[in-house]
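**Student:** Dumping the structure here so I can ask a few things about it.
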Amino acid sequence: MKADYITYKQATGASLGGLVLQVVLTTALLIYGVVSKDHAAVSGSIFAGIGVLSWLTLAIVFDQHRRERVELIEADALASSPLAGTSVFSGSADDFRPAARRLAALHKYFVPAMSVIISGLFIGTGIVRFLSGKLRVDTEDFTASLHEGWALGIGLGVAVLGFIFARFTAGLAKFEPMANLRAGASLAIGTSLIGLAIGIANFVDLVGTNALVRYVQVVVPAFIVLIGVELFLHFLLGLYRPRKAGDVPRPAFDSRLLGFLAAPDKIAESISGAINYQLGFDVTSGWFYQLLSRALVPLILFGLLVVWLLSAVAVVRPHQRGMILRFGAVWKDNVAPGMHLKWPWPIDSLYVPEYYKRDRAGRLEIADRTVTGLRTIELGTSPPATTEPILWTNDHAGEEIYQLVRTGKLAAAGTTGATPSKDAAAEESKSDLSDLSVISAEIPLIYVVKDVLRFDEFAPPQQRDIVLKSVAQRELVRFFQTITLDEVLGGTRLDLSRRLRNRVQAAFDGMNVGPDGKARGAGVEVVDVAVVGVHPPKDTAMAFETPVQADQKLQANIEAARTDEIRSLTEVAGQVTLARQIVEELNKLDGMRDQKASADALTAQEFKVQKMLESAGGSSAAVLAAAQADRWNRHMSIRAIAARQEGRVALYEAAPEIFKARAYFETMKKVLSEARLYITPARGIMIDFNGQERDLGTDIFTPGTPGGGG
C-alpha cells in the first residue's frame with residue numbers, strides 16, 4: 001500500500017513534535033542536574049539529548065518521503081498530459097525523480113550513519129558517566145541532591161510526558177507507512193524510564209534510605225551503555241539482513257528492548273495468547289477481562305491518588321526524632337515517635353537527620369536515620385583492638401595521638417590563681433618548650449542529641465561529627481595546657497573528666513551563631529568525656545617507670561622498717577602503745593639528766609620508768625625480773641658469808657686454842673684429801689708398792705679430775 005504525501009506530512013509533524021518534546025525533557029533534566037548536582041539527572045539529560053538526533057533523523061526522512069510522494073504525483077500528471085511525447089519532456093522517468101534518489105540515499109547512507117553515531121554516543125558517554133558515577137556511590141564521596149522535591153517532581157514529570165508521547169507515536173506506528181516512528185518512541189520511553197528511576201529513588205530517599213539515589217548514579221549510565229550496544233548490534237545485523245524491493249528499511253536506532261515498553265499492548269496480546277493456549281479457551285473474551293481492561297486506567301489513577309494521600313501520614317519510629325518541613329521550611333521540630341498527620345507531599349515532608357558512622361576502611365556510611373541513643377567520638381588515641389593487657393613498654397595497636405601537658409613546676413605556678421609577676425611570666429614563656437611533656441590518652445566523647453533542629457542546621461550530615469570532634473579537640477588541647485603530668489597519670493582523672501566535660505559542653509553551646517549574633521548551640525548534650533588509658537610514649541616509658549619503682553622500693557623499705565619496729569617493740573614491751581610511752585618517759589629522763597634535775601626528781605622518774613617496764617609483758621620485764629632475782633641471790637650469799645664470819649670471830653674469842661686446832665686440822669684435811677698416804681708397821685719396814693693410780697682407767701679422759709688430762 002502506497003501512502004500519500006499527507007500521511008508522511010503527519011509523520012513529519014509527529015517527528016518534529018517528538019523533537020521539541022525531547023529537547024524540553026533534555027533541558028529540564030540538564031538544568032535540574034546541574035543546579036542540584038544530581039549525577040543521575042545529568043546522565044539522563046545526555047540520553048535524552050542523544051535521542052533528539054533520532055527524532056531529527058526521522059523528521060528529515062519522513063519529509064523526504066513526503067517530497068517523494070509529491071514528486072510522484074507530479075510525474076504521473078506529466079505522463080498523462082499531451083506534452084508527454086514532445087522532445088522537451090521526453091527521456092527516462094528517473095530523470096524527473098530527484099526526490100526519490102535523495103530518499104534512497106538517505107536510507108542507504110544517512111540513516112545507517114546516524115545509527116552508528118547515536119549508538120557510539122550512547123556507549124561512549126555511558127562509559128564515561130558510569131566511571132564518574134562509580135566514584136560517587138560510596139557514602140563518603142556521595143553528595144545528596146540539593147533539591148530532593150524537585151528531583152521527585154521532574155523525574156515523575158519526565159516519566160509521564162515521555163510515556164504518553166511514546167504511546168502516542170507507537171499508536172501512529174501501527175500504520176505501516178509510519179512504522180519507523182517506533183524508533184523515536186523507543187528512545188522516548190527510555191527517557192521516561194530514566195525519569196521514573198530518578199523519581200522513585202528520590203522518593204525512597206525522602207522516606208527512608210538513600211541507597212537507591214546512590215546506585216542510580218551507575219544504573220542510568222549502565223542503561224545507556226546497554227541501549228548503545230543493542231543499537232550497534234542492530235546496525236551490524238542490518239548489514240546482512242535481506243530486503244524486499246520497495247520495502248522501507250527499519251532504522252538501526254530503533255531499540256527492540258524499549259519498543260516493548262512503548263507498545264505494551266503487544267506484550268499483553270502475547271501474554272494473553274500464551275494464557276489462552278495453555279488453558280485451552282479464550283480468557284480475553286470474558287466479561288471480567290473486558291471490564292478490567294476498560295477500567296485499568298481509572299484504577300491506576302485511583303491507586304496513584306491513594307499513594308499520594310498516604311504521604312499525608314508521617315510515621316516516626318521509636319528510635320527516631322524528626323522535623324516536619326512545609327515547603328522546605330521547618331514547621332514543627334522535635335517530632336516524637338508515633339504517627340502524625342500533615343499535608344501531603346510536596347506541601348509537607350518529614351525529615352529525620354542521618355546518622356553516619358565509619359566502616360573498617362574509614363569511609364562514612366549511613367547507619368540509620370535517627371538522633372537517639374549514645375554517640376561516641378574518639379578525641380584521642382584509638383582504643384586497642386585486643387583484650388590482652390597493654391603495658392607502657394608494649395607496641396600499642398591503633399593510631400597514637402599525643403597530648404602536651406605541663407610539668408609539675410610550671411603547671412603549679414600557672415594554676416594557683418595568683419597573678420604571676422613579670423619575671424615569672426617571662427621565665428614561663430622561655431620555658432614553655434622545655435617544660436612540656438608528651439602523653440597518649442584514650443578520650444572518648446559520648447553525647448546525645450537534645451534539639452533536632454539545632455543539631456540538623458549547625459553542619460551538613462557528613463560533617464557533624466567532624467565539626468564536633470574539631471571543637472572538642474581544640475578544648476582538649478587548651479585544657480591539657482592547664483594541668484600537670486602528675487594529675488593526668490595520678491588519681492585525679494575523675495575530676496579531670498568532669499572539668500573537661502564542662503568545657504566541651506560550653507564550647508558546643510557556643511556554636512551555631514544565628515542571624516542575631518547569638519549562639520544557638522549544636523543541639524547536643526555531652527554525657528561524658530573520660531580520660532582513660534593514659535601512658536607516655538614507648539621510648540620514654542622506662543624513664544617514667546624508674547621513679548615509680550624507686551618510690552615503691554622506698555615504701556617497701558619503710559613498711560619493712562615499721563614491721564621490724566612493731567616486732568621489736570612488741571617483744572620488748574608486749575604492746576606497741578605501751579612501748580612508745582616507755583620511750584617517751586626515757587626521753588624525758590634523758591632530758592632531765594641533761595638539765596641536771598634534782599636527785600629526787602631523777603629517782604622518781606627512774607622509779608616511774610621501772611614500774612612501767614615491770615608492768616609490761618615483754619622481754620624487758622623478764623630481764624628486769626631475772627636481774628632482780630640474781631641481785632637477791634648475790635645479796636643473800638654475801639650476807640650469809642658475813643654472818644658466818646661473825647660466828648667464826650665469836651668462836652675464836654671464846655676458845656682461841658681450840659679454834660686454831662680445828663682450823664689447822666680442817667686445813668690439813670683439805671690439803672691431804674688428794675695426797676698419797678703410806679702406812680708402815682712400828683717394827684721392821686716392808687714396802688709393797690703397786691705403782692697403780694687409784695683412778696687409773698676410770699677418769700683419765702676427764703679433764704680436771706684426778707688422773708685425768710688437763
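**Student:** Restricting attention to region 35-62, and to residues there that are buried (at least 24 other Cβ atoms within 10 Å of the Cβ) and not hydrophobic (A, V, I, L, M, F, W, C), which single residue is farthest from Gln217 (Cα to Cα)?
**Tutor:** The qualifying residue farthest from Gln217 (Cα to Cα) is Thr57.
**Student:** Could you please let me know if Ala506 is under 30 Å from Leu374 (Cβ atoms) and among the small types (Gly, Ala, Ser)?
**Tutor:** So Ala506 fits the description; yes.
**Student:** Val526 passes all but one of (1) surrounded by 11 or more Cβ atoms within 10 Å (Cβ to Cβ); (2) not in a strand (DSSP E or B); which number fails?
**Tutor:** Tallying (1) surrounded by 11 or more Cβ atoms within 10 Å (Cβ to Cβ); (2) not in a strand (DSSP E or B), Val526 fails exactly one: (2).
**Student:** Quick test of your reading of the structure: Glu68 fulfils all but one of (1) at pLDDT 85 or above; (2) over 30 Å from Ala211 (Cβ atoms). Name the failing condition by number.
**Tutor:** Against the list (1) at pLDDT 85 or above; (2) over 30 Å from Ala211 (Cβ atoms), Glu68 comes up short only on (1).
**Student:** Something else now. Among the numbered criteria (1) exposed (fewer than 13 other Cβ atoms within 10 Å of the Cβ); (2) in a helix (DSSP H, G or I); (3) out of contact with any helix residue (DSSP H, G or I) (no Cβ under 6 Å at 6 or more places or on another chain), which single criterion is violated by Lys596?
**Tutor:** Of (1) exposed (fewer than 13 other Cβ atoms within 10 Å of the Cβ); (2) in a helix (DSSP H, G or I); (3) out of contact with any helix residue (DSSP H, G or I) (no Cβ under 6 Å at 6 or more places or on another chain), only one is false for Lys596: (2).
**Student:** So, one more: For Val219, state whether it is out of contact with any Ser or Thr (no Cβ under 9 Å at 6 or more places or on another chain), closer than 20 Å to Ile189 by Cα and either modelled with pLDDT of 70 or more or part of a helix (DSSP H, G or I) (or both).
**Tutor:** The answer is yes for Val219.
**Student:** Something else about it: Can you say whether Gly517 is part of a loop (DSSP other than H, G, I, E, B), under 30 Å from Glu457 (Cα atoms) and at pLDDT below 80, as far as the supplied structure shows?
**Tutor:** yes
**Student:** Okay, next question. Would region 351-374 turn up any residue that is buried (at least 19 other Cβ atoms within 10 Å of the Cβ), in contact with a strand residue (DSSP E or B) (Cβ under 8 Å, 6 or more places away or on another chain), outside any helix (DSSP H, G or I) and at pLDDT 75 or above?
**Tutor:** No, every residue in region 351-374 fails to be buried (at least 19 other Cβ atoms within 10 Å of the Cβ), in contact with a strand residue (DSSP E or B) (Cβ under 8 Å, 6 or more places away or on another chain), outside any helix (DSSP H, G or I) and at pLDDT 75 or above.
**Student:** Scan region 495-515 and tell me whether some residue there is of a type in the set (Ser, Thr, Tyr) and in the same structural domain as Thr407 (by TED's automatic domain parsing).
**Tutor:** Scanning region 495-515 turns up at least one residue that is of a type in the set (Ser, Thr, Tyr) and in the same structural domain as Thr407 (by TED's automatic domain parsing).
**Student:** Output the number of the condition that Val531 fails; it satisfies all remaining conditions of (1) exposed (fewer than 13 other Cβ atoms within 10 Å of the Cβ); (2) aliphatic (A, V, I, L, M); (3) under 30 Å from Asp456 (Cα atoms).
**Tutor:** Unmet condition: (1).
The values are calculated or read from the model by the stated rules, or taken from the named source; none is laboratory data. For clarity, every value in this text was computed on a predicted model and none was experimentally measured. Here Cβ is always computed from backbone atoms with ideal geometry, including for glycine, and neighbour counts include all displayed protein chains.
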